[in-house]
Every structure is written in structure tokens, then in C-alpha cells.
Amino acid sequence: MNFQFDNVSGMLHMAGHGIYVWTAVLVSLALIAWLIINPLLQRRHVIEEIAQDVAREQLRQNASRESV
Amino acid sequence: MISNMGFLAFLRRDLRLINRRRGEVASPLIFFLMAATFVPLGITPDAELLKNIAPGIIWVMALLATLLSADSLFASDYQDGSLEQMLISPQLLVMPVLGKVTAHWLTTGLPLTLVSPLLGLLFSLPTAGYLPMMAGLAVGTGCLSLLAALGAALTVSLQKGSLLLTLIVMPLYMPIIIFGSATAQYSIEGLAWSGPLAILGAMLAVAIALCPLAIASVLRLTTIN
Amino acid sequence: MNWNWFYRMGSPRWFYESTSRWLPWLGALTVLLLVSGLVWGLAFAPQDAKQGNSFRIIYLHVPASFLALAGYFLMAAAGAIGLIWKMKLSYMVMKCAAPLGAVLTFLALFTGAVWGKPTWGSYWVWDARVTSMLILLFLYMGVLALQYAFDSKDVANKASAILALVGTVNIPIIYKSVDWWFTLHQPATISFTEAPSMHPDMFQPLLVMILGFYCFYAVALILSVRVEILSRERKTSWVRGLVKQATHKNLGAE
């Protein structure tokens, strides 16, 4: 198993096919990354939402307790 | 004597109802003819080229015309509540559904099949292609109606259901158009067209067996909720 | 037979808590497999005699196609389990598998198109596999559209499950029909996804990438399902407890 290209710029160029291969690689990696990052972001968002709900309920409970 | 469990009753009922709105039946047919006219206008009027693509074009138009009329399968029954009545009645839902779909085919697929030679004429379809094309259309539109009914059942309770119906059903139509078009083309090329027709027949058999069951369970789901 | 283990698996809380333990490890494995496979395939595998370097796209295209198809069956299976055993968790898996599979199908089509340009001269070629993949994308979009069309989550779940199952029955028919159609119309073109005569030096990184993609799919799916669980079970005490912990941690860090 040996490195198939003369140097790094050779690997980028890939005998003329470089732009196709690297486009495919970059788009794939971008989509894969997004498919992982998106749920993580959503998780944070959902947790914030639930925390807000809890806080709102606490306020309501406190308010009803005081009014009694 | 085995009862048909409501098949004939609903077939007659739906035919009678459709008869009262005959204009609606004409629309898919007129669409079929008019849209096919777009092809020579938009692509080419060259008879040689048209001859080659004739079976395919006719099939695509038949497909679109069926999708146009699919919405009306359950829509009016849903709106006036008779669908719910069908659901709570003690008999199996499968046969009434089959009756309704048959009525739909009799008023969509069959007229399309009978009108198709006219389109064949417009597209210079070779003589060998006429009978196989009609046979393929007759059998294939049966499948199209069954699958369209499934889509209609899934979207019956939705506001803008018809577009979603098209989206859902179109991928399922792809094998049918392949073999339907092949039936005519085989004959034109001199090959045995019974082959693709047999496959269409098999698809129809499976569809008749399975679709009503699926449609019935979907109707139970989407109507009562 | 004791089916407790099966019913326990259907508990969203059980799923959330057990995946919390081993998901990071699976994620690490995914990164390891993908990075090593990609580097191997892009830099160290020999190039193809006929296609040259553009063939390296196979290391992305084939795994994506595999997962796209497998993902549809997983989605349909999850739907079936939900219908039969009425498991909420199963429906959540089905719902999350839909967009994931659709994106992977798009990726397969995109990488295929980019591969096609230097190899066959055009971005799109109507052949059996490409067309089948396109129809698969449409099937995914149908299930996705249906999922979001209904107000009632229960109806949406069941309707999507039924549609996914109908699609599953149709997939072999579609693939076979399209295959038949294209062998009829085109002389045998070299199918670039046929790998029986692949040299082991080229095949091994492909295996690594396929494994890596399977792991990635699992990670992405599990992450989505966890979010879905948090969202749907937000009124329960265990989720509330979790949220409190999470927000306290954040406040503590500040």
C-alpha cells in the first residue's frame, strides 16, 4: 500500500479529476456533518424550550400560592 | 350462493352518483386528449419521431388523467358523512371499496382505453400497436385506479390533499407505465407482447388482492379521527 | 416466552438512558472508520485502469446508496413494529429515519452525477440504478410529506407507516421493472457499481467506508430519536429532571 500521488498538489489535482472527486468529498462531508450537528442543535433548543415551560409553570404556581 | 358482500351495491351506487355529475367524468378524458396535443406542439410534429414515442406519451397522459380524477373517489363521501356510515356498518369494508374503485375504473380507465386509438391516430401509431396498447391500457388503468384509491384514502381528510396524493402515488406508478408502454412497443417491434401484458396482469391481480385491504385500514384511520 | 426485554426496549426513557452511555463510543468509532476509510480510498488505493481517479468517488457513492436503501427498509420496519405493537418509540424511529434516508439518497444521486461527468461525459445518465435511486428519493419524499400533513400525530404515524410498507412492497418491483426496461433499451454499459471484479486493494477501503456509513447512520438516527423523545416526553418527570440538570450545568459553567 503506497501513496498514489507524487505530492499533495498531485492529490488535489488527481490528474484532472480532482475537482469532481473533491467536490463529491466536500459535499458528502458537509451533509454528513449537518446530519449530526442538526440533531445536536435541536436538542439544545428543545431543552431550552422545556426549561422555559418549567420556569413559566413555577411562576404560575408561585403566583397562585401567593394569591391564596 | 356467495354474497358479493356489497360489491355490486356500491358499484351501482357509485355509477349512479357519477352519472349525476357526468361533466366530471368528461374532464379527465378531455385532459387526456388536450394534453397529448401539447406534445406535437411542444416537441415535434414529425410523424417519424411521434411514432416512436406514441405508446409512452399515451401512457403518461393516461396516468396523469387518472391522477386528476383520483381525488373524487372518496372526497364527496367523506364530506357528506356517508364514508363514516360505511365504516360503522357491520359488513367488511373491502368489498364496498372494491366496488367504488371498479366504478372509478369504469368511468376513467375504460373510457381512456376506448379513446386511445384516437390518440394513436394522432401520433401515427403503427397498426400493430393499436390492440396491444388498448389491452395494456385496459389492464394497467385497473392498477392505476387501485393505487390512486390508496392515495385518495390517505389524503381524504386533508385540505390540499390532491397534490400530496399525486406525490405519494407517482413512484408506485412507475412499474406500471414501464410494462404498459412495453406492451405496445413490443408489438410494434414484432416481439411477443403477451409477455409485458402478463406482467401487467400479475400486477393487477396483486393489486386487487392487497389494495382494498390497505385502503380499508387507511380509511378507518383517516376518517374517524 | 418472556417478552419483557422487547417491551422494555419500547420505553423511550430506557432508550434515552442506555444510548446516553454508549453513543459517544459509537460516534468515536464512526469518525475512526470514516476518516481512515476516506484517506485510504482517496490517497492510498490504486486508481482504476479505465476510469482513473474519478473512480475514487465510489468510496462515498456506494456506501450512501446502500444506506439509502437499507434506511428505507428500516423506516418501514419501524413503522410495521409501531403498527403491530403500538410502540411510540418505533414510530419515532420511523419519523427520524425519513429525512435521514432522503438526504442519503440525494447524496448518492449527487455523488453519482459528479462521478458520471468525468467518466461517461454527462452528469445524468438514464440507467437502471440511477433511475431506481431517483424513484427511491420520491418514495422518501412521499412518506415525509405525509408525516407532516396531519394534525393528529397518531394518524400521521399510522398513515406514514402504511405508506412506507406499501413502498417496501413496491421497491423490488420497481427495481426489477426499471432494470428490465433499461436492459431492453440500452446496450450493456459498464455499470460502475458492480464490484465483483474489484481488486482487493480497491475493495478493502470500500468495506471500511460501508461500515463507517452504517455506524454514522446509527449515530445520526439515535441523535434524532433522542431529540424526538425529549420533545414528546417533555411533561414527564424524568425529562424535567434531565432538563434541570442540563440547565444547572450551564449555569454552573457560567
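The values are calculated or read from the model by the stated rules, or taken from the named source; none is laboratory data. Because the structure is predicted, anything quoted here is derived from the model rather than measured. No Cβ is skipped: glycine too gets one built from the backbone with ideal geometry, and neighbour counts run over all protein chains shown.
Residue-level check: of (1) closer than 15 Å to residue B:122 by Cβ; (2) surrounded by fewer than 15 Cβ atoms within 10 Å (Cβ to Cβ), residue B:16 misses just (1).
The condition of being at the interface with another protein chain (Cβ under 9 Å from one of its Cβ atoms) and either modelled with pLDDT under 85 or surrounded by 11 or more Cβ atoms within 10 Å (Cβ to Cβ) (or both) holds for only one of C:249, C:244, that being C:244.
Considering each of B:157, B:162 in turn, give the residue that is farther than 30 Å from residue B:127 by Cβ and assigned to a loop (DSSP other than H, G, I, E, B). None of the other options fit; the residue is B:157. Residues that are buried (at least 21 other Cβ atoms within 10 Å of the Cβ) and either within 16 Å of residue B:208 (Cα to Cα) or within 9 Å of another protein chain (Cβ to nearest Cβ) (or both) within the stretch B:153-166 comprise B:153, B:154, B:155, B:157, B:161, listed in sequence order.
Pairs are defined by a Cβ separation below 7 Å, a sequence spacing of at least 6 or placement on different chains, a first member in the stretch A:33-61 that is more than 7 Å from chain C (Cβ to nearest Cβ), and a second member that is among the acidic types (Asp, Glu); no pair meets this definition. Condition (residue is within 16 Å of residue C:40 (Cα to Cα), β-branched (Val, Ile, Thr) and in a helix (DSSP H, G or I)) applied to the stretch A:34-56: is it met by at least one residue? Looking for residues that are within 16 Å of residue C:40 (Cα to Cα), β-branched (Val, Ile, Thr) and in a helix (DSSP H, G or I), one finds none in the stretch A:34-56, hence no. Restricting attention to the stretch C:161-172 and to residues that are more than 9 Å from chain B (Cβ to nearest Cβ) and under 17 Å from the mean Cα position of the chain (by Cα), the residue that is farthest from residue C:80 (Cα to Cα) turns out to be C:171.
Only residues that are within 11 Å of chain C (Cβ to nearest Cβ) and either crowded, with 23+ Cβ neighbours inside 10 Å or outside any helix (DSSP H, G or I) (or both): list them for the stretch B:186-202, please.
Passing the criteria: B:186, B:189, B:191, B:196, B:200.
Here residue C:45 meets the list (1) at pLDDT 85 or above; (2) over 20 Å from the mean Cα position of the chain (by Cα); (3) more than 20 Å from residue C:113 (Cα to Cα) almost entirely, failing just condition (1). Filter the helices (runs of 4 or more DSSP H) completely within the stretch B:44-94 down to those with at least 2 residues that are over 20 Å from residue B:8 (Cβ atoms) and free of Cβ contacts under 8 Å to residues at least 60 places away in the same chain. Correct list: B:47-70, B:75-80. If you check A:29, A:12 for being surrounded by 11 or more Cβ atoms within 10 Å (Cβ to Cβ), within 30 Å of residue C:49 (Cα to Cα), modelled with pLDDT of 90 or more and more than 7 Å from every other protein chain (Cβ to nearest Cβ), only one passes: A:29.
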